[in-house]
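Accompanying notes for the structure given below.
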Amino acid sequence: MHNLTERGPPPASSNPASDQRSLVESATDAIFTIRTDGTLGSLNPAFGAITGWPGDEWLGKPFHPLVHPEDLPLAMDLLARALDGEPIPAFELRILASSGEYLTAEITASPLQEGGRVVGVMGIGRDVTERKRAQRDLHRRGGILEAVTFAAERFVGGGSWRDSIDVVLQRLGEAAEADWVALSQKHLAEDGDFQSRICYEWARPEIPSKMEVRFLLNAPFAGSGLDHWPGVFMQGGILHGHVRDLPEEERPLMESNDVRSFAVVPVFAGEEWWGNLGLAACHEERSWSAAEVDALRAAAGLVGASIKQERGEVALRETEERYRRLVELSPDAIVVHSEGRFVFANSAAARLFGAETPDGLIGRAVLEVVHPDYWDTVTQRIQQETVEGQPVPLIEEKFVRLDGAVIDVEVAGIPLTYAGRPAGQIVVRDITDRKRVEADLRQRNEYLSALHDTALGLMNRLDLRDVLEAIVSRAAALVGTGEGCIYLVHPLKGELELHVGLGAFRDRIGECVRLGEGLAGRVWEHGEPLLVEDYARWEGRQQDEADLHAGLAAPLKSGGQVLGVIGVAHTQEGRMFTEEDVALIDRFAKLASIALDNARLYSQAQEQLAQREQAEHQLRRAEDQFRNLVERIPAITYTAEFGETAPWLYVSPQIEGILGFTPDEWMARPNLWSRQLHPDDRERVMVEEERSHDTGEPMLCEYRLFAKDGHVVWIRDESVVVHGTAGSEMLQGVIFDITQRKQAEEQLREAEARYRTLVEQIPAVTYIDSYDGIERGQYRTMYVSPQIEEMLGYSPDEFMARPDLWPTLIHPEDRDAVLATDAHHYQTGEPLTQEYRLIDREERVHWVLDKAVAIRDESGRLRFSQGMLYDITDRKRMEDDLGRALAVEREAGERLRALDELKNTFLHAVSHELRTPLAAVLGFALTLQREEVELDAKERLEIVHRLAANARKLDQLLSDLLDLDRLDRGIMEPRRRPTDVAALVRRTVESSEVLGTRPVRVEAQLVVAPIDGPKVERIVENLLANAARHTPPGSSVWVRVDPHEGGVLIVVEDDGTGVPEHLRETVFEPFRQGPQTRPHAPGVGIGLSLVARFAELHGGKAWVEERPGGGASFKVFLPGGPA
């Protein structure tokens, strides 16, 4: 508070008035006084220095033109409070300066009193415009920096800066208190001139889009008045200010777009001028402080850095994507190692080493997957790659898969730098199958060579012994042993005789064994190959064969009859035969059988040879054609018998590309298909196969198989039932790899689930309507989110199952308009936005905001409408509450004005009513006081009577006012007593003097009621006084008391002019009076108000009617009740 009284008393020698005037005149703050009528009483010189107005020009004029219109209500309220004597706290107002601008003043004011009453207001005003401007600039700068911080969080948080730029521009515009913000990008036109193209903009709702501003939308700077702007921006300069301050040639472009002030900051992506960040003020001019400009430069720098980062990330992603696709699509395993461990692996590497994913190899030691025989070699090659920086040539090695399987590989490597450290990249190709094929090929060649030699021997009629010896020699050599023999059944002895022997068997030629005796006897007995891995522990061993460690034998058959046995053995401990060896010996047994059966078959073979060769040629030709056709289609072709463990008779080579198994591997293990079946699909697939077997119908099934490397492959199996040569039923079909389709379907389901989760969690109802066509004009709800149940009480299934439900839920008052708007939306495809009411299942009304857009297909035909329903009931309720509050405020204002009128009326009436008896009392008292006036006893008694009468009038008036006040405050309670109302009314009429000479007729029936007697007396007195006040002398007055509806009715009537109908309610209001019959009739207008209030105090009421025959009929009803 700037209060002059706080300075203390002046020195004794000073002139107080002169000193105070000097202080006021020299003060730097404006000091003023305002009179009670709102005019300025005084102004010191500082007022003119601050505002620029001459002080004399405003003296005696109202102060309110100087106050900003928005601040005027506050100023008037504070003035009224000060004039009422209240202390006023410091406050701020915007004051009009002579320049037309508004200054911000900090004002303290206090009541100005003279003689104990308030005669005005004295105030002191200080110009705080610059301080407020600095605070506003600081606030705006802080807001801009907060927007920049927000932008940094959004840009750095992931995703593209474009996803967040709209909300960033909004925050920046709101913080900078701008009306419009835009981000534009520059580009060069064909003629080499710079042009600017707007990319993103934000504007306040009342501001139209500035997309047409030429310097922000695809227009050259040259020729537009802004020719020098690009040069400023390329140098990093910033342009800002008021449009009125621009050169004349630059203003039209701005003024035509309602821009009053602007700021344009260049955006640099690295060293390149990328575009501009522009802000505009359209409503009023505003200046941009240096702090704000620095903050805007920071915002532009952040956008530029995000653009540069995005460009770098795009280029890096493109490069990485090309390399990644090259590596991932490579059929060979590619791995990178550093410091002896794997740091990268592609999918082919994971499959090669048996890992579930490439991550399963990361961090493992390289030597962990290398066969111990090659550790030294690999260690040297790693040294050569990572230390010497030299590539390593292609070699063959052995690796060990994670499941322990040993594989043959070809490996080549080059040095590189990975993650800043020396590393090596190696390419690995699995040659296990190739090695196996080569071994099988060698074995097959040996077998074919033996077959060839046998055939030559048979054709050349070589000695049977020589042929058998050649066969067992070849067989023993192929299984890696030097021990072998052939037994033949002796036709006379019925025993097996050793005919050919190698190694340990050579000295035993001619020995015989019986059926079931030893290894050979067992094979002769059962007619099947037999493998004994530990002969010394075998229960069927012979003592003379104790030097054998492992044995293998197979029968020689002809026409189903065993003719002999071929066998091989190992004498060295630890040597074993394999299943492949069993198959090989079995095949050589067949060769020996051919030699034995040659005598019987030779002649038949010669006869059928020509026919067979021709048939085989045709068969091979047909088979080659069929095989070429089958093996070229992108699917697996197969023939298999029914059953989980039934053999597959044929499978095409495509099985290796899809499942990783070679055809031979697949067909060699009859149960392999069932073992590779996914457990979740097994039961379903087997049921489908059984159905096809039972009905002979085709089989069509989709299921999962595990590939050789363990990954899951989705397949589509289509097959038909065919009959084999022996009449057996088989399946013949094709298998398609549908893994990619299934993955796409799964991704689609996941995307749909994510979308559904998002939709079903937002606080609104989402729906999709399907539109069947303009001709039919019908649509149905395809989807509605679960929020519909929370809003309206209907589940989504109920809502979609009843197409007619939605129209019935629309409020009847809104239905026609809503349906018409909806029909227009579906006919035109225009966006839909409307607010209306819906009625839920519980009959509750909800206000909703319905927004929808139409979705068209490629031909432009309307297909769907997708929209959202927002529950805006609370908003509508707030709007209604606000409307009611405004109505209440207006009503309160009207009541205040009415009360002000009543106050004036009351003061006028009371002053008149008090003045008359007070004047009489004063006159009589002065008369009695004067000693020179001699009065006899009768005159003195008359004066005393008149003094008492006027005193009673004053007392009655004060009692009425006090009663009215108590009634208003609700502190008056009736004191009910059972009372004879008729007697009370008669006594009151008889004792009343207000009617003078008017004739009064009382008709009162006996009525006893619980009433407050004094209050009822006041009711009757006031009604009689009202009749006397508003009727001419000589008018008749009637008073009645009647029982009425369990209570009592008191009626006072007169034959005066009556009460006009429009005043029959207002006459009972305080300080309201009806038309006066007599001039200067006394009264303050509270008598009838007390009548009504006393009646209400009893629970009754008072009213006035027209009396039959003319005049007024005042009635008061008092209900009966407990005493």
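Rule-based calculations on the coordinates, nothing more; no lab input. Treat the numbers as computed from the prediction; the structure is a model and nothing was measured. Cβ placement follows ideal geometry from the backbone for every residue including glycine, while neighbour counts extend to all protein chains displayed.
Among 855, 307, the ranking by other beta carbons within 10 Å of each residue's beta carbon, starting with the fewest, stands as 855, 307. Along the Cα-to-C-beta direction of residue 543, a point sits 7 Å from the Cα; which residues of the stretch 494-536 have their amide N less than 17 Å from that point? Within reach of a label on residue 543: 512-514, 517-519, 536.
With θ taken as phi - 60° and the Karplus curve 6.51 cos²θ - 1.76 cosθ + 1.60 applied, the whole-hertz 3J(HN,Hα) list for the stretch 97-113 is 8, 5, 6, x, 8, 9, 9, 9, 10, 9, 10, 10, 9, 8, x, 9, 10 Hz, x standing for glycine and proline.
Please give the Cα centre distance for the stretch 69-87 versus the stretch 389-410, rounded to the nearest Å. After rounding, the separation between the Cα centres reads 96 Å.
Sparse packing (at most 12 other Cβ atoms within 10 Å of the Cβ) combined with a DSSP loop state is found for the following trypsin sites (Lys or Arg not before Pro) in the stretch 481-525: 493. Per-residue packing, averaged as other Cβ atoms within 10 Å, sorts the ranges 704-717, 56-69, 478-491 into the order 478-491, 704-717, 56-69, beginning with the highest. Karplus-derived 3J(HN,Hα) values for the stretch 353-362, using 6.51 cos²θ - 1.76 cosθ + 1.60 with θ = phi - 60°, are 8, x, 8, 5, 9, x, 4, x, 9, 5 Hz; glycine and proline are entered as x.
For the stretch 439-599, a/c is not less than 1.5, where a ≥ b ≥ c are the root eigenvalues of the C-alpha gyration tensor, and a/b does not top b/c. That puts it in the oblate class.
Each part gets one Cα centre, and for the stretch 503-555 versus the stretch 980-1033 those centres are 151 Å apart. Checked against a 28 Å cut-off, the cross-linked pairs 493/590; 132/186; 493/557 give Cα-Cα distances beyond that limit for 132/186. For trypsin sites (Lys or Arg not before Pro), the sites in the stretch 835-867 that DSSP calls loop and that have at most 13 other Cβ atoms within 10 Å are 841, 844, 861. Can you give the charge dipole size of the stretch 464-520 about its Cα centre, rounded to the nearest 20 debye, using +1 on the beta carbon of Lys and Arg and -1 on the beta carbon of Asp and Glu? It works out to roughly 60 debye.
Taken about its Cα centre, the stretch 313-439 carries a charge dipole of roughly 100 debye when the Cβ of each Lys and Arg holds +1 and the Cβ of each Asp and Glu holds -1. Each Lys and Arg adds +1 at its Cβ and each Asp and Glu adds -1 at its Cβ; summed about the Cα centre, the stretch 631-740 shows a dipole of about 220 debye. Length gained on full extension, residue 1005 to residue 745, computed as 0.36 nm times the residue gap minus the Cα-Cα distance: 83.7 nm.
Here the simple spin-label model places points 7 Å from the Cα toward Cβ, and for residue 801 and residue 421 these points are separated by 6.4 nm. For residue 431, the residues 5 or more places off, or on other chains, whose built amide H falls under 5 Å of its own are 408, 409, 410. Once the chain from residue 248 to residue 387 is taken as fully extended at 0.36 nm per residue, the excess over their C-alpha distance is 42.8 nm. Placing R0 at 60 angstrom, the Cβ-Cβ distance between residue 362 and residue 490 gives a FRET efficiency of 0.30 after rounding to 0.05. Put simply, the amide H of residue 642, placed in the peptide plane, has neighbours under 5 Å in 731, leaving out anything fewer than 5 places away on its chain. Spin-label model, residue 891/residue 712: points 7 Å from Cα along the beta carbon direction are separated by 7.1 nm.
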